[in-house]
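*Asks:* Sharing a structure, written as structure tokens. Questions coming.
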Amino acid sequence: MKLNMAEEEDYMSDSFINVQDDIRPGLPVLRQIREARRKEEKRQEANLKNRQKSTKEEEQERRDTGLKKALGCENKGFALLQKMGYKSGQALGKRDGIVEPIPLNVKTGKSGIGHETLLKRKAEEKLESYRRKIHMKSQAEERAAEQFRIRLKNKQDEMKLEGDLRRSQRACQQLDTQKNIQVPREAWYWLRPEEETEEETEEEQDEDEYKSEDLSVLEKLQILTSYLREEHLYCIWCGTAYEDKEDLSSNCPGPTSADHD
């Protein structure tokens, strides 16, 4: 009995569990190797990039140092200049010569010669196109504003003409009535009363249709003001009935609204 129990306890011991965990011992090792290789590759790539960057920086530093360093007697060209009488610090040339050498512009990019000029020209063309669009838009807005002002002025002028016509019709009706004129010379010479029936309105419209429909507000106003001046010696803009034609021509500025401005 005791032996059997001991054997059962051995199956539940740590040694039994560890043996079960180590059934496939090669997998963790392979993972570690792969991770180590991956890290090493990344490190080598980073070192390569840093090395390339450092090389460029070193080239730039050497170039800047060489350009800043003044030429000495060991330089053949400088030695020839000294033999011809040149001294360090003097300008080259007889008139307005240069003291500093022409700057060296090193091209480090991969684009071809003239690429920067092309980009600059394209940028200028794009800017010019944008300016043209802005100018055209501004002109269109100005034209729209001007057309609106014209329409508004025309509307105001039309309303003023209609108001002058109503004043003339009202004055004509009063003056004709004072002279015992019961029927206007033309139906539209007088204002139609608001209380008249629809049948009467239709009859008057039929009678006057062929005469007044083809006339504009301005034409009606001109005809009616002429009638008032000739028949009643009256000017609607002066608001006065004159004694005779001589008084009318002497004291009234004219037969139109513009004459009274």
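The values are calculated or read from the model by the stated rules, or taken from the named source; none is laboratory data. Treat the numbers as computed from the prediction; the structure is a model and nothing was measured. Don't worry about glycine lacking a Cβ; one is built from the backbone with ideal geometry, like all the others, and counts go over all protein chains shown. Side chains are part of the model used for accessible areas, which takes the heavy atoms of the whole protein and leaves out ligands, DNA and RNA. Shrake-Rupley method; radii C 1.70, N 1.55, O 1.52, S 1.80 Å.
*Asks:* Taking Ile33, is it more than 30 Å from Asn105 (Cβ to Cβ) and either modelled with pLDDT under 75 or in contact with a helix residue (DSSP H, G or I) (Cβ under 6 Å, 6 or more places away or on another chain) (or both)?
*Replies:* Numbers: more than 30 Å from Asn105 (Cβ to Cβ): yes; either modelled with pLDDT under 75 or in contact with a helix residue (DSSP H, G or I) (Cβ under 6 Å, 6 or more places away or on another chain) (or both): no.
Criteria not met by Ile33.
*Asks:* Among the residues that make up region 104-112, is at least one of them open to solvent by 100 Å² or more (accessible area, probe 1.4 Å), part of a helix (DSSP H, G or I) and either on the phi > 0 side of the Ramachandran plot or of a type in the set (D, E, K, R) (or both)?
*Replies:* Taking region 104-112 and keeping what is open to solvent by 100 Å² or more (accessible area, probe 1.4 Å), we get 104-105, 107-108, 110.
Still in the running and part of a helix (DSSP H, G or I): none.
Looking through region 104-112, none of the residues is open to solvent by 100 Å² or more (accessible area, probe 1.4 Å), part of a helix (DSSP H, G or I) and either on the phi > 0 side of the Ramachandran plot or of a type in the set (D, E, K, R) (or both).
*Asks:* For region 163-184, what are the residues that are touching a helix residue (DSSP H, G or I) at 6+ places or on another chain (Cβ under 7 Å) and touching a residue at least 24 places away in the same chain (Cβ under 8 Å)? Write out each step before concluding.
*Replies:* Taking region 163-184 first, the residues touching a helix residue (DSSP H, G or I) at 6+ places or on another chain (Cβ under 7 Å) are 164-165, 168-169, 171-172, 175, 184.
Correct list: Asp164, Leu165, Ser168, Gln169, Ala171, Cys172, Leu175.
*Asks:* Okay, moving on. For region 153-181, which positions are open to solvent by less than 80 Å² (accessible area, probe 1.4 Å), of a type in the set (A, V, I, L, M) and assigned to a helix (DSSP H, G or I)?
*Replies:* Those that are open to solvent by less than 80 Å² (accessible area, probe 1.4 Å), of a type in the set (A, V, I, L, M) and assigned to a helix (DSSP H, G or I): Leu161, Leu165, Ala171, Leu175.
*Asks:* A further question follows. Name, by its number, the condition in (1) modelled with pLDDT of 90 or more; (2) farther than 30 Å from Lys245 by Cβ that does not hold for Lys160.
*Replies:* Looking at each condition in turn, Lys160 falls short on (2).
*Asks:* Also: Could you tell me whether Ala140 is surrounded by 10 or more Cβ atoms within 10 Å (Cβ to Cβ), among the hydrophobic types (A, V, I, L, M, F, W, C), more than 54 Å from the chain's Cα centre (by Cα) and at pLDDT 90 or above?
*Replies:* Numbers: surrounded by 10 or more Cβ atoms within 10 Å (Cβ to Cβ): yes; among the hydrophobic types (A, V, I, L, M, F, W, C): yes; more than 54 Å from the chain's Cα centre (by Cα): no; at pLDDT 90 or above: yes.
Judged against the criteria, Ala140 is not a match.
*Asks:* Just name the residue that is least open to solvent (accessible area, probe 1.4 Å) out of those in region 235-261 that are under 13 Å from Ser168 (Cβ atoms) and not aliphatic (A, V, I, L, M). Spell out how you get there, then give the answer.
*Replies:* Of the residues in region 235-261, the ones under 13 Å from Ser168 (Cβ atoms) are 235-239, 255-257.
With the extra rule that they be not aliphatic (A, V, I, L, M), the set shrinks to 235, 237-239, 255-257.
Numbers: Cys235: 2, Trp237: 57, Cys238: 44, Gly239: 48, Pro255: 70, Thr256: 63, Ser257: 27 Å².
Ranking the candidates gives Cys235 first.
*Asks:* Here's another thing I want to ask about it. Please find, within region 66-76, the residue that is farthest from Pro103 (Cα to Cα) out of those that are assigned to a helix (DSSP H, G or I) and at pLDDT below 80.
*Replies:* Gly66
*Asks:* Note down all Cβ pairs under 6 Å where the first residue falls in region 210-229 and is closer than 22 Å to Lys179 by Cα and modelled with pLDDT of 90 or more, the second is open to solvent by less than 50 Å² (accessible area, probe 1.4 Å) and of a type in the set (Gly, Ala, Ser), and they're at least six residues apart or on different chains.
*Replies:* Qualifying pairs under 6 Å: Leu224/Ser168; Thr225/Ser168.
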